[in-house]
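The block underneath contains the structure these notes are about, expressed in structure tokens.
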Amino acid sequence: MNGPLINVWRGFRSLVSGMRITLQQFFKPNVTVQYPHESIKMPERFRGHIIFVRDPDSGKSLCIACKSCAKACPSECIVVDGVKREGEKKKSVTEFKLDFTKCSLCGSCVEVCPADALRFSKEYNLASPTKGEYVEIDLVRRLEADKP
Amino acid sequence: MNLPEPFRLLLFVLGTMAFVGANAAYLVWVERKGAARFQRRPGPTEVGPAGLLQPIADALKLMSKQLIVPPGVDSILFRLAPILVMMPAMMCLATIPFSEALAARNINVALVMVFAFSSINVMAIMLGGWASRNKYAIISAARIVSQNIAYEIPMMLVVITLVMMTGTMNLREIVDQQAGAIWHWNLFRLDENPLMPVTFVIFYICMLAETNRAPFDMAEAESELVAGAFTEYAGMGFGVYFMAEYANIVVGCALATLLFLGGWQSPIGVWSGIPWFLLKMYALVFSVIWVRWTFPRTQFYSLLNLSWKILIPVSLATLVLTAIMMKIL
């Protein structure tokens, strides 16, 4: 008679301790993020698609249109063009297009860039009903549109 | 209030229906919010402030759906079952006193009436499952019958234990006996019967099982039986079952409050009234939700084992011990 009663008592106590644990959770803050209303800040090393680094002095791109990135790219998804403007030492970029449908975010372009003109963006809200928007991401226009 | 009898009756019918409807709708919201808090998420937030209009949106959605009666079902029983599930919960509220003055009917056998009507609930769910012509629904219906019969016995035994102490089945008189202070509540009247807490725990467990709540929700074992007895129901047919579950919880918790927690009596002896009754009842409702989100569903045979091997012997023992104590002391 002793055995089963002790068993019942133990079971009852374990139920009560389970209830205590859930009640403790009840009063703790939420752990979820309500995505469209709020979102998590991306970590430092997150790799979104590449974007230009802005020259802090001139506010323009640091790119010298050397095309190293286009050569380094294993997926051949970068097209660069540039001109040499009057009175400037370096070439400046006029066209930089990224085909993000092919890009594998390997980072060779960022690594190889002699002017450190490229970096990964923190953008991850990428969705579109057509692929057009991501076949050609125009980095030059993006930099201009994103005036500081 | 001295209203003519027909008006009083009408008022109570309307009041009961409104009370049951509002509770069923908003306890769903409370359940979802509660579940969310236990799992540390916000729960419904989009419809209205803090998701407060969610039950209305749900109801609109359910009502706009087609009521499908699948071919081959017993169409009369199939349509009747949801009504039969909802009706007993409302009938039970006719005898439940909310306060000294607020009760539809003060009858001497109120307790018997509550139990009589709440056992219709079992039959109604079984009819729904049977009429559905669906193997999952029939398995679930069979389970419900064996579960509810198994748990009705210990529930009756603990209620008999209690009635032996109170000497009456009139709910108002039972509450009146508990007037005074917290140590006069039946749950804490250890001087008269030290087994009272055990009785309460058994009553509470049986109430969970009778209302088919987790961890005893064999009626709607989603993971095994699709949706149990409700598999074939669409739209508001399912909605009524869903509401009836909450209405039954309200009735069960109200009964537990009246029998064990002193009904509308305040724990300090003064300012007794409806607020105390509602406070105690909703505290119990919260604990029911709390239990649901703490424990996983039991297996069916361990559910029956719990009743036949533990609850029935223990409640029989409390009954016999109480009888002996009352005779000797």
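Every number in this text was worked out from the coordinates using simple rules, so none of it is lab data. Quick caveat: nothing in here was measured; it's all calculated off a predicted structure. Cβ sites come from the backbone with ideal geometry, for glycine too, and all protein chains shown count toward neighbours.
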**Asked** What ranking do A:ASP57, B:ASP191, A:ASP138 get, fewest neighbouring Cβ atoms within 10 angstrom at the top?
**Response** A:ASP57, B:ASP191, A:ASP138
**Fill in**
From fewest to most C-beta neighbours within 10 Å, the residues B:TRP264, B:TRP183 line up as B:TRP183, B:TRP264
**Message:** Within a 10 angstrom radius of the beta carbon, how do A:LYS91, A:LYS41, A:LYS84, B:LYS33 rank from fewest other beta carbons to most?
**Reply:** A:LYS41, A:LYS84, A:LYS91, B:LYS33
**Fill in**
Sequence order, segment B:302-307: Karplus ³J(HN,Hα) from phi using 6.51 cos²θ - 1.76 cosθ + 1.60, θ = phi - 60°, Hz rounded, Gly and Pro as x, gives 6, 5, 5, 4, 4, 6
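Classify segment A:50-145 as rounded, prolate or oblate, taking a ≥ b ≥ c as the square roots of the eigenvalues of its Cα gyration tensor: rounded when a/c is under 1.5, otherwise prolate if a/b is larger than b/c and oblate if not.
Prolate shape, in that a/c is at least 1.5 and a/b is the bigger ratio.
Per residue of B:31-38, what is the mean number of Cβ atoms on other protein chains within 10 angstrom of that residue's Cβ? Present the calculation step by step, with values, prior to reporting the outcome.
Details: counts 0, 0, 0, 1, 0, 3, 7, 5.
Mean partner shielding for this stretch: 2.
Please give the net charge around B:ALA25, taking every other residue with its beta carbon less than 15 angstrom from that of B:ALA25, where Lys and Arg add +1 and Asp and Glu add -1. Each step should come with its number before you reach the end.
Details: positive: B:ARG32, B:LYS33, B:LYS61; negative: B:GLU31, B:ASP58, B:GLU245.
Residues close to B:ALA25 contribute a combined charge of 0.
Pull out a ≥ b ≥ c, the square roots of the eigenvalues of the alpha-carbon gyration tensor of segment B:44-143, then state rounded if a/c is under 1.5, prolate if not and a/b is larger than b/c, and oblate in the remaining case. Numbers along the way, then the final one.
Details: a/c = 2.64, a/b = 1.15, b/c = 2.30.
Oblate is the answer for segment B:44-143, as a/c is 1.5 or above yet b/c matches or exceeds a/b.
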**5 angstrom amide H check on A:ILE50, placed H, neighbours 5+ away** = A:SER121
**Message:** If you fit an axis through the alpha-carbon atoms of helix A:2-26 and take the longest principal axis of the Cα set of chain A, what angle between them do you get, 0 to 90°, nearest 10?
**Reply:** 30
**Complete:** Quick calc of log₁₀ I(q)/I(0), the protein assembly as shown, Debye, one scatterer on every Cα, no solvent, q values 0.10, 0.11, 0.13 1/Å, result -0.81, -0.92, -1.21
**Request:** Please work out whether segment B:9-74 counts as rounded, prolate or oblate from its C-alpha gyration tensor, where a ≥ b ≥ c are the square roots of the eigenvalues and a/c under 1.5 means rounded, while otherwise a/b larger than b/c means prolate and anything else oblate?
**Result:** oblate
**Item:** Most mobile of A:GLU111, A:GLU38, A:GLU95 in a GNM of chain A (Cα contacts under 10 Å)
**Value:** A:GLU38
**Item:** Rounded to whole Hz, the Karplus (6.51, -1.76, 1.60) HN-Hα couplings of segment B:187-201, x for glycine and proline
**Value:** 4, 10, 7, 6, 5, 7, 8, x, 8, 3, x, 4, 4, 5, 4
**Message:** Once each part is reduced to its C-alpha centroid, what is the distance from segment A:29-60 to segment B:267-329 in angstrom?
**Reply:** 54
**Asked** Straight-line reach from B:LYS135: which lysines have Cα under 25 Å away, leaving out those fewer than 8 places along the same chain?
**Response** B:LYS65
**Request:** Among the listed pairs A:LYS67/A:LYS97; A:LYS41/A:LYS71; A:LYS28/B:LYS33; A:LYS60/A:LYS89; A:LYS71/A:LYS97, give every one whose C-alpha distance is greater than 21 Å.
**Result:** A:LYS41/A:LYS71
**Asked** What residues have an amide H closer than 5 Å to that of B:SER266, excluding those fewer than 5 places away on the same chain, when H is modeled at 1.01 Å from N in the peptide plane?
**Response** B:SER272, B:GLY273
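Can you work out D for chain B in µm² s⁻¹ from Stokes-Einstein, where Rh is the Kirkwood radius over C-alpha pairs, the temperature is 10 °C and the viscosity is 1.306 mPa s? All intermediate terms of the calculation are to be shown ahead of the outcome.
Values: Rh = 20.7 Å.
Estimated via Stokes-Einstein, D reaches 77 µm²/s.
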**Asked** Mind listing the phi-derived Karplus ³J(HN,Hα) values for segment A:33-50, rounded to whole Hz, using 6.51, -1.76 and 1.60 with θ = phi - 60°, and x for any glycine or proline?
**Response** 10, 7, 3, x, 7, 9, 9, 6, 6, 5, x, 3, 9, 5, 10, x, 5, 6
**Request:** Return one number: the angle in degrees, 0 to 90 and rounded to the nearest 10, between the long axis of the Cα atoms of helix B:312-328 and the longest principal axis of the Cα atoms of chain B.
**Result:** 20
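Over chain B, what relative contact order in percent results from Cα pairs under 8 Å that are six or more residues apart? Each step should come with its number before you reach the end.
Working: 467 pairs, mean separation 77.2, N = 329.
Answer for chain B is 23 percent.
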